[in-house]
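Undergrad: Right, I'll just put the structure down here and ask away after.
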């Protein structure tokens with residue numbers, strides 16, 4: 001018995017298909033018993049397509065019964081989905097009505113509350129809720145970046161006042177907390193995003209306040225139907241916290257209209273609009289590329305209420321970052337070694353692939369490696385007693401760092417070795 005083509009196309013709303021070779025109109029989701037041209041009268045994006053390859057002829061017997069069974073099961077699933085959708089719509093309408101009634105009730109009560117009524121104190125949220133502690137830690141974690149820290153404090157102030165307003169019944173919309181961080185690599189964007197998540201959790205704007213970092217590879221698939229599940233899985237992990245999308249402009253490829261990144265962007269736009277009370281999305285990348293991205297996707301920029309620019313570090317700030325890193329690792333940089341490091345960084349800043357704090361971390365890691373080799377060679381020599389002191393294990397000397405002269409002589413080789 002020959003099999004014929006079966007195309008099930010089940011959509012959010014059932015449409016109709018007409019067949020030119022038969023005088024029959026089929027519900028969308030059924031198929032004509034002949035291999036003919038089908039015209040969609042109503043069409044929405046398909047969520048399920050099942051295809052059985054045709055070799056001509058009319059199906060019957062087991063194939064026909066199998067077709068009927070699959071069709072019946074699929075239509076039953078569609079009925080279940082439609083029922084869930086109706087119930088969800090009814091639930092949403094009930095919630096909207098309750099919200100409207102609550103708003104009217106608050107309006108009535110507010111008329112009876114005198115303006116002298118005390119809503120509480122700022123300290124109640126800044127200190128008791130631990131917001132000040134998070135801001136203090138941000139100061140300790142990041143050297144410099146005063147404009148960034150000031151902007152974070154402004155956002156924290158907005159959240160505190162918003163809570164005080166809500167406490168005495170003043171109607172207040174949830175502020176737009178989606179953000180855009182622009183700046184070079186290694187300027188602290190991930191650290192600030194992590195601290196923002198902690199602040200939002202303490203203020204009650206996020207359930208968990210955790211940070212999920214993603215790139216295009218995490219969100220966009222390589223074939224049809226692959227992107228949506230990947231994007232939704234990342235969003236699921238980030239719900240209740242902060243989703244940082246690094247180099248977000250790579251989600252859109254202007255040279256390819258069929259690029260799968262568009263689907264990921266559509267999902268993100270929907271989530272940013274409808275789930276802003278439980279997820280904060282932060283887009284990060286170079287400023288010029290982010291501006292170009294927003295010109296292609298204007299709906300994305302309109303959903304972002306906070307734009308923060310991260311400036312590059314000055315060389316003195318980079319040295320302080322190195323000292324802070326060493327302190328956390330129980331190392332200490334000798335004063336003469338600081339001079340060598342500073343000259344190296346001043347030269348390195350003019351070369352390709354400079355990444356601010358990341359470059360500093362690489363320089364510190366390289367110095368630790370050189371120090372280990374130096375100590376090992378000194379103590380294994382026959383003239384040495386082999387004993388290693390605590391100070392020797394903690395100190396980084398000038399020769400442990402790549403010098404500016406060495407960098408100039410060896411070029412990029414000195415960077416990667």
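Undergrad: Which order do 95, 378 fall in if you start with the one that has the fewest other Cβ atoms within 10 Å?
TA: Details: 95 10, 378 13.
Lowest count first: 95, 378.
Undergrad: Kindly put 179, 194, 325, 369 in sequence by how many other C-beta atoms sit within 10 Å of each C-beta, fewest to most. Before the final figure, lay out the partial values.
TA: Details: 179 24, 194 21, 325 17, 369 12.
In order of increasing Cβ crowding within 10 Å: 369, 325, 194, 179.
Undergrad: So how far apart, in nm, are the two label points at residue 247 and residue 98 if each is 7 Å from Cα heading toward Cβ?
TA: 4.6
Undergrad: While we're here: If I take R0 = 25 Å and measure r between the Cβ atoms of residue 410 and residue 379 in this structure, what FRET efficiency does the formula 1/(1 + (r/R0)^6) give, to the nearest 0.05?
TA: Details: r = 28 Å, r/R0 = 1.11.
Step by step, r from the Cβ atoms, then E = 0.35.
Undergrad: Using only the Cα atoms of region 122-310, construct the convex hull and provide its projected area averaged over every direction, in square nanometres to one decimal.
TA: Numbers: hull surface 42.7 nm².
Across all orientations, region 122-310 yields a mean hull projection of 10.7 nm².
Undergrad: Report, to two decimal places, the Cα Rg of region 198-296 normalised by 2.2 N^0.38 Å (N = number of residues).
TA: On the way: Rg = 13.7 Å, N = 99, 2.2 N^0.38 = 12.6 Å.
Dividing the Cα radius of gyration by 2.2 N^0.38 Å gives 1.08.
Undergrad: Quick one: length gained pulling residue 72 to residue 141 fully straight, 0.36 nm per residue minus the C-alpha distance?
TA: Numbers: separation 69, 0.36 × 69 = 24.84 nm, distance 6.07 nm.
Gain on stretching residue 72 to residue 141: 18.8 nm.
Undergrad: Under a point spin-label approximation (7 Å from Cα along Cα-to-Cβ), what is the residue 390-residue 259 distance to one decimal in nm?
TA: It is 5.6 nm.
Undergrad: Gain in length, residue 275 to residue 316, computed as 0.36 nm per residue apart minus the alpha-carbon separation, to one decimal in nm? Mind showing how you got there, number by number?
TA: Working: separation 41, 0.36 × 41 = 14.76 nm, distance 4.22 nm.
Value of the extension gain: 10.5 nm.
Undergrad: Where does region 315-416 land on Rg(C-alpha)/(2.2 N^0.38 Å)? Show your work: numbers first, answer last.
TA: Values: Rg = 14.1 Å, N = 102, 2.2 N^0.38 = 12.8 Å.
With N residues counted in region 315-416, Rg over 2.2 N^0.38 Å equals 1.11.
Each value in this text was obtained by applying a stated rule to the coordinates, not by laboratory testing. Every value quoted in this text rests on a predicted model; they were computed, and no experiment measured them. So basically every Cβ, Gly included, is an ideal-geometry build from the backbone, and we count neighbours across all protein chains shown.
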